[in-house]
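Here is the structure we will look at.
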Amino acid sequence: QVQLVESGGGWVQPGGSLKLSCEASELPFDFNALGWYRQAPGSQRELVATTTSRGTPIYANSVKGRFTISRDNAKNAVYLQMNSLKPEDTAVYYCNILVSGINYWGQGTQVTVSS
């Protein structure tokens, strides 16, 4: 079972930046994707950005041009650089890895964007 640990959340004013980090206990050879989801109060969990096993990034339309996902396989880590943050980006952000059809989740980190 893969364990994921996130860090880097917090409070920021609109227009500000934050960087989230996630370290996995391992990257199984058969993993399919590694990335980030978020869930706002009263809403369903949604994809923010992820990377395929080959490293191809995939972004939600709402964050394209503002967020950048990157991965360091040597550290079993994935990062999310978030710029030009908006109040609607406020949510709990979860690290996710998909392995042979099974989703594993981190504990989540809160991101709050407000003035």
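In loop segments of segment 10-115 as defined by DSSP, the GluC sites (Glu not before Pro) with at most 13 further C-beta atoms inside 10 Å of their C-beta are E26.
Tell me, Kirkwood radius of the chain from alpha-carbon pair distances, in Å?
Answer for the chain: a Kirkwood hydrodynamic radius of 14.0 Å.
Considering only protein heavy atoms and a probe of 1.4 Å, how much of the accessible area of the chain is carbon and sulfur, as a whole percent? Carbon plus sulfur share of accessible area: 47 percent. Each of N32 and R45 was given a label point 7 Å from its Cα along the Cα-to-Cβ line. The distance between the two points is 1.5 nm.
In this structure the chain gives 53 Å² per residue of accessible area when probed at 1.4 Å with all protein chains present.
The values are calculated or read from the model by the stated rules, or taken from the named source; none is laboratory data. Source: prediction; values computed, not measured. Don't worry about glycine lacking a Cβ; one is built from the backbone with ideal geometry, like all the others, and counts go over all protein chains shown. Quick note on the areas: whole protein, heavy atoms, side chains included, nothing else; ligands and nucleic acids left out. Shrake-Rupley method; radii C 1.70, N 1.55, O 1.52, S 1.80 Å.
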